[in-house]
Amino acid sequence: MTIRLVLLGRQGSGKGTQGARLAVHYDIAHVSTGEMLRNAIRNDTPVGKVVKDVIGKGSLVADDLMASLVKGRLGDADARTRGYLLDGFPRTLPQAHALDEIARARPINVVIDLEVPRELVLQRLGARRAAEHRVDDSPEAVERRLALYDEQTAPLIAHYRRQGVLAVVDGVGTPDEVFARLVSAIGSATGVTARGGDGQSRR
Ligand code: AP5
Ligand code: MG
């Protein structure tokens, strides 16, 4: 089976950290919309120019632009043939509906809600602010991002529960502990444990 996975979770819950490891483990494409946008800003592309201020404030980029970026990326050969993990998309109900359409022929088979309490993500983002200097890790932008998560993204949990593809995973613990829980949840949902060097799924 090819894995097509969505990772939901608050800012700082570990989507990027775990997404990178899961992509290697299952040999699937790690599609991080935040990384795509940060690359566009770094390269000063037309998209980069449009989104620069939005990201700096901790606001959300327009749904239509995000949906077209993701549609293009999921049409690439690696995502089509090997499968993918979406990190940071969808983030609103209109984006979730756009993804239902984009993935109509090859539907998403598992959505993980990576649960980490607000107090703990604030600690993690505070630590990252000192180490990495992401423009949107300022206290004001973090407040706004977390509020937008509760308003716009949390309702997606019910959307995917209704579709029968949701798995909730506890994101508190060391990165290794969380990774082991994720692999176990993905195994239960899809039957796939890992992908070997020959590219075949292990069941
Ligand atoms: P994006 O890049 O997706 O950022 P985010 O959602 O705010 O989430 P983060 O990347 O901050 O958190 P994460 O869950 O990946 O955690 P991480 O692994 O880094 O989006 C950025 C912006 O782009 C958005 O605000 C928006 O403007 C725009 N955007 C993107 N997608 C969009 C969309 N679909 N629609 C509209 N706009 C969009 O971990 C956080 C820290 O904790 C790290 O320092 C890490 O080392 C540490 N850590 C991780 N796991 C652990 C652990 N188990 N124990 C201790 N520390 C840990
Ligand atoms: Mg991230």
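The rows are residues; the columns are (1) within 28 Å of ALA194 (Cβ to Cβ); (2) out of contact with any Lys or Arg (no Cβ under 7 Å at 6 or more places or on another chain); (3) outside any strand (DSSP E or B).
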position	(1), (2), (3)
PRO90	yes, yes, yes
GLN95	no, yes, yes
ALA98	no, yes, yes
ALA131	no, yes, yes
ASP136	no, no, yes
ALA147	no, yes, yes
LEU156	yes, yes, yes
HIS159	no, yes, yes
VAL169	yes, no, no
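Against the numbered list (1) part of a loop (DSSP other than H, G, I, E, B); (2) within 18 Å of the chain's Cα centre (by Cα), ALA189 comes up short only at (1).
Of the residues examined, ALA131 is not one that is over 19 Å from LYS15 (Cβ atoms) and surrounded by fewer than 16 Cβ atoms within 10 Å (Cβ to Cβ). Of all the listed residues (VAL47, VAL54, VAL31, VAL61), the sole one being more than 11 Å from ligand 2 (Cβ to nearest atom), at pLDDT 95 or above and closer than 19 Å to ASP113 by Cα is VAL31. None of GLY187, GLY126, GLY191 is more than 23 Å from LEU22 (Cβ to Cβ), surrounded by fewer than 17 Cβ atoms within 10 Å (Cβ to Cβ) and not hydroxyl-bearing (Ser, Thr, Tyr) except GLY126. Scanning the range 142-157 for residues that are within 14 Å of ligand 2 (Cβ to nearest atom) and of a type outside the set (Phe, Trp, Tyr) yields VAL142, ARG145, LEU146, THR153.
Here GLY75 fulfils each of the conditions (1) without any contact (Cβ under 8 Å) to a residue 40 or more places away in the chain; (2) within 14 Å of ligand 1 (Cβ to nearest atom); (3) small (Gly, Ala, Ser) apart from (2).
Within the range 21-58, the set of residues being more than 20 Å from HIS133 (Cα to Cα) and hydrophobic (A, V, I, L, M, F, W, C) comprises LEU22, ALA23, VAL24, ILE28, ALA29, VAL31, VAL47, VAL50.
The values are calculated or read from the model by the stated rules, or taken from the named source; none is laboratory data. In this text, all values refer to a predicted model and were calculated from it rather than measured experimentally. Positions of Cβ are backbone-derived with ideal geometry, glycine not excepted, and every protein chain shown enters the neighbour counts.
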